[in-house]
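One structure is given here, and the rest of the page talks about it.
The values are calculated or read from the model by the stated rules, or taken from the named source; none is laboratory data. All figures in this text were calculated on a predicted structure; none of them were measured in a lab. Using ideal geometry, Cβ is built from the backbone for each residue, glycine included, and neighbour counts are taken over all protein chains shown.
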Amino acid sequence: MSHEQAFEDVPPEGVPEIFPELSSFTMHATRLMVSELRCRGANKSTEVAVQAILEFLNPPKPGEDETLGWTLLNTLHILAATNQVRDASSAVDYYRHPCLLIICTLSMTSNRVSIMKVFGLLV
């Protein structure tokens, strides 16, 4: 059973009720992603580091099992959507989105800067 199937019928705001360890799981998943990205980018040229990170995050090809990077990326995407209250406000209130707050807090600034460089958002 994939992670999508496990929570298929649960709306994002209902996940904390059935998964009380959500904050702890979010912290562990985020730390693992940060660690994996750091390992792939450490002591390498920009081009080699970018290639390693992209290979890690790529979705699996048809017929292949899911890769760790793709699974982690999807997991963090699902976690970021939990607890979110849909309203007319376009501003993100991190205190109403604890999983999103955890993900943003644990994503080190250096990682965010590196990712911005990878995608050409920073010179």
- Note on the structure: Picking from LEU76, LEU54, the residue that is surrounded by 12 or more Cβ atoms within 10 Å (Cβ to Cβ) and either at pLDDT below 85 or under 13 Å from the mean Cα position of the chain (by Cα) (or both) would be LEU76
- Message: Could you tell me how many of the residues in the range 39-53 are without any contact (Cβ under 8 Å) to a residue 24 or more places away in the chain and either within 14 Å of GLY69 (Cα to Cα) or among the basic types (Lys, Arg) (or both)?
- Response: 5
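Of all residues in the range 16-64, which are of a type in the set (Val, Ile, Thr) and under 18 Å from CYS104 (Cβ atoms)?
THR26, THR30, VAL34
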